[in-house]
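*Asks:* Got a structure for you, questions after.
The values are calculated or read from the model by the stated rules, or taken from the named source; none is laboratory data. Here the structure is a predicted model, which means the values were calculated and not measured. Heads up, the Cβs are rebuilt from the backbone with ideal geometry, glycines too, and the neighbour counts pull from every protein chain shown. Just the protein is used for accessible areas: all its heavy atoms, side chains included, with ligands, DNA and RNA removed. Shrake-Rupley method; radii C 1.70, N 1.55, O 1.52, S 1.80 Å.
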Amino acid sequence: METMAKRDYYEVLGVQKGASEQEIKKAYRRLAMKYHPDRNTGEDGSEEKFKEASEAAEVLLDSEKRASYDQFGHAALDGSGGGFSSSSNFGSIFEDVFGDIFSGGRGQSQVQRGSDLKYVLDLDLEEAVRGTNPRIRIPTLVECMECLGSGAKKGTAPVDCVQCGGLGQVTARQGFFSLQQACPRCRGKGKVIKDPCQKCRGQGRVEERKTLSVKVPPGVDTGDRIRLSGQGEAGVNGGPAGDLYVQVNVRDHRIFTRETADLYCEVPISFVDAALGGQLEVPTLEGKVNLKIPAETQTGKLFRLRAKGVNMAQIRGGGIGDLYCKIVVETPVNLSKRQKELLEEFAGNQEASQSPKQVSWIKGVKRFIDGLTD
């Protein structure tokens, strides 16, 4: 009897030769949904088409087999696992690619780690710079002390599920497959609580607010996180607790702004001090210091006070930042008649060389306007 030649595996799945693994899996899922024997009872040829698609997927999802097939075609697989013999990996391919749809879910782990928690900690700039040790209260799930986390009434204990024998999984047949499913009776836990704890209602955990001390190192900034290991929610069935992540938020300061390790502040001065020079006190996080203002200081001038910023040594291994004082020359208001007369007298005697920026700006504007009219 003449044997029908096998179709090209890429053609079977309807994908290009250079298709990715994800594209191959997607194509196989589509065909499996269409031709799976359990969904096509009595339909002629569906089982053969399903086997053909599964055979193609088995080869093309195995990098070594695919490389040989791409080079030599079906001849490369003769006697080496191509096709579905009794030793084929057909069931494994189906489970890996499509098991989540037909199996109804895998067995759940009996022991589960608790969830992580997040807490936003608001700090003043001074607290963030110097470090602090606040106490916080957080709502969380903790182990029930009545049943010690078992969920069973005191004096009793969970028993093995009679349906799965304590394994948490049962075997289900899907056509010619044998697949493992989560036990529907115990939901994959393997244990059943006949007499639940009244305090936690069989959950093994209760909600509680607990107080914790948080050690905040000097130099933290907005967005930094402090991890408190094991201070998250309690685990399930004796599983480890999750972690608590404390996220820092530094409030705006009325004087200083911060850029990493450096601090900035504005220092308003009178136009007399700006013109004649002088000395004034400026604030730092460590107290007041004297700042000398040279004569003829212009607004916007930055003065740097070294090592008066933030110490980042304990956070990112950096040094100490600086404090930058930005001079803002303030125009006087509410002038008396005599003050106005003095200013007018000053303006009448002022020379162009005494306002170089103004003169330069006026010249630049004139050149610009003249250029437009040319």
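*Asks:* Tell me which residues come under 5 Å, amide H to amide H, from residue 232 once H is placed; ignore anything under 5 positions away on its chain.
*Replies:* 242, 243, 244
*Asks:* Same structure again: With every protein chain present, what is the per residue accessible area of the chain (1.4 Å probe, Å²)?
*Replies:* Result: 64 Å² of accessible area for each residue.
*Asks:* Considering only protein heavy atoms and a probe of 1.4 Å, how much of the accessible area of the chain is carbon and sulfur, as a whole percent? It would help to have the intermediate numbers written out before the result.
*Replies:* Values: 11400 of 23860 Å².
With neighbouring chains kept in place, the figure for the chain is 48 percent.
*Asks:* Shifting gears a bit: How large is the charge dipole for the stretch 281-361, taken about the Cα centre, if only the Cβ atoms of Lys, Arg (+1) and Asp, Glu (-1) carry charge, to the nearest 20 debye? It would help to have the intermediate numbers written out before the result.
*Replies:* Numbers: 12 positive and 9 negative charges, 82 e Å.
Its charge dipole is roughly 400 debye.
*Asks:* Also, I was wondering about something else. Mind checking the dipole of the chain: about its Cα centre, +1 per Lys or Arg Cβ, -1 per Asp or Glu Cβ, Debye to the nearest 20? Please list the in-between numbers first.
*Replies:* Numbers: 53 positive and 51 negative charges, 300 e Å.
For this selection, approximately 1440 debye.
*Asks:* Further, regarding this structure: Which net charge results when you count Lys and Arg as +1 and Asp and Glu as -1 among the other residues whose beta-carbon is under 13 Å from that of residue 217?
*Replies:* Numbers: positive: 130, 215, 225, 227, 316; negative: 127, 221, 224.
Spelling it out: positives minus negatives among the neighbours equals +2.
*Asks:* List the lysines whose alpha-carbon lies under 21 Å from that of residue 326, not counting same-chain residues fewer than 8 positions away?
*Replies:* Output for residue 326: 288, 292, 301, 308, 357.
*Asks:* Restricting to DSSP loop positions (anything but H, G, I, E, B) with no more than 12 other Cβ atoms inside 10 Å of their own Cβ, which GluC sites (Glu not before Pro) remain in the stretch 238-286? Spell out each step's value before the answer.
*Replies:* Working: sites: 259, 266, 281, 286; in loops: 286.
Counting only loop positions with at most 12 other Cβ atoms within 10 Å, the GluC sites (Glu not before Pro) in the stretch 238-286 are 286.
*Asks:* Then there's this: Under a point-charge model restricted to the Cβ atoms of Lys and Arg (+1) and Asp and Glu (-1), what is the dipole moment magnitude of the stretch 216-374 relative to its Cα centre, in debye to the nearest 20? All intermediate terms of the calculation are to be shown ahead of the outcome.
*Replies:* Numbers: 20 positive and 20 negative charges, 31 e Å.
For the stretch 216-374, the charge dipole is close to 140 debye.
*Asks:* State the answer as a single residue: which of 166, 33, 60 lies farthest towards the positive end of the charge dipole of the chain, with beta carbon charges of +1 for Lys and Arg and -1 for Asp and Glu, about the Cα centre.
*Replies:* Comparing the listed Cα positions along the dipole, 166 ranks first.
*Asks:* Using Cβ-Cβ distances only, list the Cys residues of the chain with no partner cysteine under 4.7 Å, sorted by number.
*Replies:* Within the chain, the cysteines lacking a partner Cβ under 4.7 Å are 265, 325.
*Asks:* Shifting gears a bit: Among the lysines, which fall within straight-line cross-link reach of residue 154, defined as a Cα-Cα distance under 23 Å, with same-chain neighbours fewer than 8 residues apart omitted?
*Replies:* 189, 191, 194, 199
*Asks:* Which entry in (i) 151; (ii) 363; (iii) 163 is this structure's computed volume of the Cα convex hull per residue in Å³?
*Replies:* (ii)
*Asks:* Run the helix sum for the chain: -39,500 (n - 2.57) per DSSP H stretch of 4+ residues, divided by residue count, reported at 222 nm to the nearest 500 deg cm²/dmol.
*Replies:* Details: 10 runs with 105 residues, N = 374.
Here the helix-only value at 222 nm equals -8500 deg cm²/dmol.
*Asks:* Straight-line reach from residue 26: which lysines have Cα under 27 Å away, leaving out those fewer than 8 places along the same chain?
*Replies:* 6, 17, 34, 49, 51, 65
*Asks:* Taking the DSSP beta bridges in the chain as the whole, what percent of them are antiparallel, to the nearest 5? Show your work: numbers first, answer last.
*Replies:* Values: 39 of 54 bridges.
For the chain, the DSSP antiparallel bridge percentage is about 70.
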